[in-house]
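Report on the structure given below.
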Amino acid sequence: MKINYQETTSDLATRIDIHNQYGGRDIDKWMLEVLPLKQGMKILDVACGAGKQCTSFHKHLDGNCNITGGDVSADLLSQAQERNQEIGSPFTLMELNFNQRFPFIDDQFDLASCCFAIYYAEDIPFTIREMHRVLKPGGVLFSSGPMPENKQLFYDIIHEATQKSIPPMPGSSRYASGILNSMKETFSKVEIEIFENPLTIDSAEPFLAYTRASLSEDRKLWNDLFTDKASFEQVMTRITEVAQRRIEKEGKLVMTKVVGGFIATK
């Protein structure tokens, strides 16, 4: 039985909350530090989700910017609109499918961002070319995503619990290879910034909540491990046993998030 893949905002929110609670570094602050942000910029946030990045840019630039956020998810756009209204509706939100030609003329934006999403594109070179097309000469594309060594402990525990190979992840398996190469082929210059954030967890429960959300959110990828709710719970029971043994032995779990920030100049 094949389970259809469908991201849920609740699973994503669970993981983000655990990052914030147990991580030692702020990825939003890091993004603002590495990006060449200037007041007056015209910004496009592709796959803007619930509007977090749009809001961050707006606040960092003291509102002196023109921001457009686009996403294919009506649910996420609704959340983004609520966030937008809370701060006076300073940015524009729209439906945007990065698998299709963008509804913009050439050379419009100073910055295009696509955070933790570009690896879901059906045709990576096409999506990157579209971002390149709508940027002004000298404009910048910023993307973020997981590197191959990202959260290795998470995969080690799942492998120990199931004795099965970890399937290729859409992010880490494509981001530092195909996506980076396509950006280098399309843009005149690409720089790489690395963000590492160790999540130090001293009890099994937060790790299990993170794991449950991750396996549920990406369940199509994990169908070699489980096919229905009963087999999913069986896998979670085995993962719980391994995580608890490691806690008893080491006193904590340290799962390090390793994120690549690719900064490409047109």
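Find all pairs meeting these conditions: Cβ atoms under 7 angstrom apart; at least six residues apart or on different chains; first residue within the stretch 137-166 and closer than 25 Å to ASN181 by Cα; second residue among the polar types (S, T, N, Q) and surrounded by 14 or more Cβ atoms within 10 Å (Cβ to Cβ).
What qualifies is GLY138/THR265; VAL140/THR265; PHE142/SER113; PRO146/SER172; MET147/SER172; PRO148/SER172; ASN150/SER172; LYS151/THR256.
Considering the stretch 156-205 alone, what residues qualify as being in contact with a Gly (Cβ under 8 Å, 6 or more places away or on another chain), in a helix (DSSP H, G or I) and surrounded by fewer than 18 Cβ atoms within 10 Å (Cβ to Cβ)?
Answer for the stretch 156-205, where residues must be in contact with a Gly (Cβ under 8 Å, 6 or more places away or on another chain), in a helix (DSSP H, G or I) and surrounded by fewer than 18 Cβ atoms within 10 Å (Cβ to Cβ): there is none.
Among the residues of the stretch 29-40, are any at pLDDT below 95, closer than 24 Å to ALA13 by Cα and in a loop (DSSP other than H, G, I, E, B)?
no
Among (1) of a type outside the set (Lys, Arg); (2) more than 16 Å from the chain's Cα centre (by Cα); (3) assigned to a loop (DSSP other than H, G, I, E, B); (4) at pLDDT below 95, which single condition is PRO148 missing?
Here PRO148 clears every test but (2).
Give the residues of the stretch 73-89 that are part of a loop (DSSP other than H, G, I, E, B) and either buried (at least 16 other Cβ atoms within 10 Å of the Cβ) or aromatic (Phe, Trp, Tyr) (or both), sorted by residue number. If you could, list the steps in order and put the result at the bottom.
Step one: of the stretch 73-89, the residues part of a loop (DSSP other than H, G, I, E, B) are 73, 87-89.
Across the stretch 73-89, the qualifying residue is only SER73.
Take GLY138 and decide whether it is assigned to a strand (DSSP E or B), out of contact with any Gly (no Cβ under 6 Å at 6 or more places or on another chain) and closer than 30 Å to PRO36 by Cα.
On the way: assigned to a strand (DSSP E or B): yes; out of contact with any Gly (no Cβ under 6 Å at 6 or more places or on another chain): yes; closer than 30 Å to PRO36 by Cα: yes.
In short, yes.
Is it the case, given these coordinates, that ALA112 is at pLDDT below 95 and within 20 Å of VAL34 (Cα to Cα)?
Working: at pLDDT below 95: no; within 20 Å of VAL34 (Cα to Cα): yes.
Here the answer is no, as ALA112 does not meet what is asked.
If I ask for residues that are among the small types (Gly, Ala, Ser) and more than 28 Å from GLU193 (Cβ to Cβ), which ones from the stretch 239-261 would you list?
Quick first cut of the stretch 239-261, residues among the small types (Gly, Ala, Ser) only: 243, 251, 260-261.
Selection gives ALA243, GLY251.
Can you confirm whether the stretch 206-218 contains a residue that is more than 17 Å from GLU160 (Cβ to Cβ) and part of a loop (DSSP other than H, G, I, E, B)?
Taking every residue of the stretch 206-218 in turn, at least one turns out to be more than 17 Å from GLU160 (Cβ to Cβ) and part of a loop (DSSP other than H, G, I, E, B).
Does any residue in the stretch 109-128 that is within 19 Å of LYS52 (Cβ to Cβ) come within less than 6 Å, Cβ to Cβ, of a residue that is among the acidic types (Asp, Glu) and buried (at least 21 other Cβ atoms within 10 Å of the Cβ) six or more places away or on a different chain, and which pairs are these?
Note: pairs meeting the criteria are SER113/ASP45.
Which residue, of GLN21, GLN53, is touching a residue at least 40 places away in the same chain (Cβ under 8 Å), among the polar types (S, T, N, Q) and within 21 Å of LEU135 (Cα to Cα)?
Working: GLN21 fails: within 21 Å of LEU135 (Cα to Cα).
None of the other options fit; the residue is GLN53.
Run down GLY49, GLY88 and say which single residue is touching a Leu at 6+ places or on another chain (Cβ under 7 Å) and at positive phi.
Details: GLY88 fails: touching a Leu at 6+ places or on another chain (Cβ under 7 Å).
Unique residue meeting the criteria: GLY49.
Would you mention how many residues in the stretch 21-68 are within 15 Å of THR92 (Cα to Cα) and within 20 Å of the chain's Cα centre (by Cα)?
18
Restricting to the stretch 206-230, what's the tally of residues that are surrounded by 15 or more Cβ atoms within 10 Å (Cβ to Cβ) and acidic (Asp, Glu)?
Of the residues in the stretch 206-230, 2 are surrounded by 15 or more Cβ atoms within 10 Å (Cβ to Cβ) and acidic (Asp, Glu).
Being in a loop (DSSP other than H, G, I, E, B) and of a type in the set (A, V, I, L, M, F, W, C) is the filter here, so list the residues in the stretch 90-127 that pass it.
Initially, the stretch 90-127 is screened for residues in a loop (DSSP other than H, G, I, E, B), giving 90-91, 96-108, 116-117, 121-123.
Answer for the stretch 90-127, where residues must be in a loop (DSSP other than H, G, I, E, B) and of a type in the set (A, V, I, L, M, F, W, C): PHE91, LEU96, PHE98, PHE102, PHE104, ILE105, PHE116, ALA117, ALA121.
The values are calculated or read from the model by the stated rules, or taken from the named source; none is laboratory data. Everything numeric here is computed off the predicted structure, so don't read it as measured data. A quick note on method: Cβ atoms are made from the backbone with ideal geometry, for glycine too, and the neighbour counts reach across all protein chains shown.
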